[in-house]
Amino acid sequence: MDKKRILLVYINFASFVKVDHEILSKKNIVKKYQFKASKNLVLMLIEYIKQFFFLVSNLKSFDLVYCWFADYHTLLPIFFAKLFGKKSFLVLGGYDVTYVKKINYGSFNNPVRLYCASYSIRNAFINLPVCDNILTEALERVPQAKTKLLYTGYNYDKFIPKYDKQSYVLTVGIADNEKSYFIKNIDFFLSVVKAMPGTKFIMVGLNDQFTPKHELPNLTIIDKISQDKLIEYYQKASVYVQFSLREGLPNSVCEAMLCGCIPVGSNKGGIPTAIGKCGYIIDSFDVDSAVKKIEKALDSTIIERKAARQHIIDNFSLKRRENELIALVEEI
């Protein structure tokens, strides 16, 4: 079978984009195209002009346009793919199907961006939401959208468990601006930490500007670290917590479960999907409820920890995503 030529369009070459690039490159020829978004109107216009001429000059040589997130950067690729009779896959990660008015969060936060996202979702050959809740939201926003659920995948050979756990609670989340701080619900997490003075907590990813004003002796805050170092924290932690207000399929929850952590999470977005029956869900942001469930999670057995790992392997493995994505590409 001839290799297909694929144009991969993205804004940031994040870990999940890199994973798909590696998958697609195994049997195809993949050209990366980064759209350098900017808040500066002139720079944004220049970026659109560059993208326009690149697509007009080169798109006919590709078999598939593959985009991550529906936003400014996908309007022209989806438009020209349709114009030239090319197939387009649009991966929906969550940000691109929402709008949180309080913090002006999401691709639907202004009329121009709303148009770019909704046009892209409506006209993509197929949308690939990474979790059930995102699929539902996409169809609420754009009922005509053609969709196929395709979970993000996790490498269980890389995230290896250790069951001689230390009695601490871990959370991970890049909170380097007010929007991410709000979405990750850091204030609630800090309230839980304060309510459990005898339990050690570690938070990875909190920017210095958001360090709590009042010292919490049982909380250790760590800035961004490498993935290899993060795995060491997953392996040592007994419990992993995620109290976000919004999530797709949460990477950190799945990675922590692969490493034998018992998860405690909010009933928001894809968090319950990731946890399944292998952890604890809080139905409301009640500190006492969270404390009780963390205490139960800390007492979990090795059998329960192995079950948490197996749940991710069975449902969200990297191999599963690879097989399903390759099959979709081969069908076109």
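Grab the Cα-Cα distance for Phe53 and Lys229, subtract it from 0.36 nm times how many residues apart they are, and report the gain in nm with one decimal.
Length gained, Phe53 through Lys229: 59.1 nm.
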Checklist outcome for this item: The alpha-carbon center of the range 223-274 and that of the range 287-312 are separated, in whole Å, by 12
Item to check | Neighbourhood net charge (15 Å Cβ-Cβ; Lys/Arg +1, Asp/Glu -1) for Tyr119 | outcome: +3
Item to check | Student exercise, the chain dipole from Lys, Arg, Asp, Glu Cβ charges, in Debye to nearest 20 | outcome: 820
Checklist outcome for this item: Here the net charge surrounding Tyr154, from other residues whose Cβ is less than 15 Å away from its Cβ (Lys, Arg +1; Asp, Glu -1), is -2
Checklist entry - How large is the helix-only mean residue ellipticity at 222 nm for the chain, computed as the sum of -39500 (n - 2.57) over DSSP H runs with n ≥ 4, divided by its residue count, in deg cm²/dmol to the nearest 500? => result -13000 deg cm²/dmol
Checklist outcome for this item: Full extension between Asn207 and Ile174 adds, at 0.36 nm per residue less the Cα distance, a length in nm of 11.1 nm
Item to check | Approximate spin-label separation Lys162-Lys27, in nm, with each point projected 7 Å along Cα-to-Cβ | outcome: 3.8
Checklist entry - Taking 0.36 nm per intervening residue step and subtracting the Cα-Cα distance, what contour gain separates Phe125 from Ala195 on full extension? => result 20.2 nm
Checklist entry - If we restrict to alpha carbons, what Rg and Dmax does the range 1-143 come to, in Å? => result 14.7, 51
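Size of the dipole of the range 168-316 about the Cα centre, Lys and Arg at +1 and Asp and Glu at -1 on the beta carbon, nothing else charged, in debye to 20?
Taking the Cα centre of the range 168-316 as origin, the dipole is about 240 debye.
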Checklist entry - What percent antiparallel are the DSSP beta bridges of the range 19-172, to the nearest 5? => result 10
Item to check | Among Ile225, Gln310, Asn207 - extreme Cα towards positive end, dipole of the range 168-316, charges at beta-carbon | outcome: Gln310
Checklist entry - Considering amide H positions built from the backbone, and no H for Pro or chain starts, which residues 5 or more places from Tyr66, or on another chain, come under 5 Å of its amide H? => result Leu7, Leu8, Val9, Phe89
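No lab work stands behind these numbers, since they all come straight from the coordinates. Model, not experiment: these values are computed from the prediction. Glycine gets a Cβ as well: all are built from the backbone with ideal geometry, and neighbour counts include every protein chain shown.
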